[in-house]
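Notes follow once the structure below has been shown.
The values are calculated or read from the model by the stated rules, or taken from the named source; none is laboratory data. Please read these numbers as outputs of a predicted model, since none were measured by experiment. Cβ sites come from the backbone with ideal geometry, for glycine too, and all protein chains shown count toward neighbours.
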């Protein structure tokens, strides 16, 4: 999307479709990795593809995260679904995992496979882990309500509180995710230095 078109959306009320269109594209945090020189900061490459499907209403984004750059391992795949605005003006973004992630890992024919998804292909994450979006200056920001999202660690069996925040503007996408153990408040995982991954927009 052209910069002028992106900036034009700033003058209009946010909708799920608006934010989904901002999120569409390919993003790379290679410049951040090089600037920080921190081996704990992985080189990440993100693909966001907009699509529609009879299985899920609303504005949809397929998200695929690679570790090691564009040719690196596919680490995470999600479907984001933007729902109607709530009374406070925020937009809820539901998160789905895939019953068969490998079926969408390759770009060949992916658009057709996304359009033909059925309810059996998607697993709805806990609604308490949904993101809530609102305008944040010249960008949009979406985050999980702190303390709302509880999961059980598959590694330790301990309950964790998950926090996460996205931001998107015309040029940059950022993402940070962290977890703390519910019973102690001890950090389970976090981004290096508590600094988000900062991705430059490639297209």
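Some notes on this structure:
- Only one entry in 200, 146, 190, 136 is within 29 Å of residue 34 (Cβ to Cβ) and at pLDDT below 95, namely 136.
- Residue tally, condition at pLDDT 95 or above, more than 15 Å from residue 97 (Cβ to Cβ) and out of contact with any helix residue (DSSP H, G or I) (no Cβ under 7 Å at 6 or more places or on another chain), over region 50-68: 3
- Filtered residue count, region 159-171, keeping only those that are surrounded by 15 or more Cβ atoms within 10 Å (Cβ to Cβ), modelled with pLDDT of 95 or more and out of contact with any helix residue (DSSP H, G or I) (no Cβ under 7 Å at 6 or more places or on another chain): 7
To keep it simple, each residue is scored yes or no on (1) under 27 Å from residue 34 (Cα atoms); (2) touching a helix residue (DSSP H, G or I) at 6+ places or on another chain (Cβ under 6 Å); (3) at pLDDT 95 or above.
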site	(1), (2), (3)
73	yes, no, yes
84	no, no, no
88	no, no, no
91	no, yes, no
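- When 59, 63 are checked against the criterion of being under 23 Å from residue 189 (Cβ atoms), in a strand (DSSP E or B), under 14 Å from the mean Cα position of the chain (by Cα) and touching a residue at least 12 places away in the same chain (Cβ under 8 Å), 63 stands alone in meeting it.
- Lone unmet requirement of (1) touching a residue at least 12 places away in the same chain (Cβ under 8 Å); (2) closer than 23 Å to residue 165 by Cα for residue 152: (1)
- Filtered residues of region 70-103 (kept if farther than 26 Å from residue 144 by Cα and touching a strand residue (DSSP E or B) at 6+ places or on another chain (Cβ under 7 Å)): 70, 72, 73
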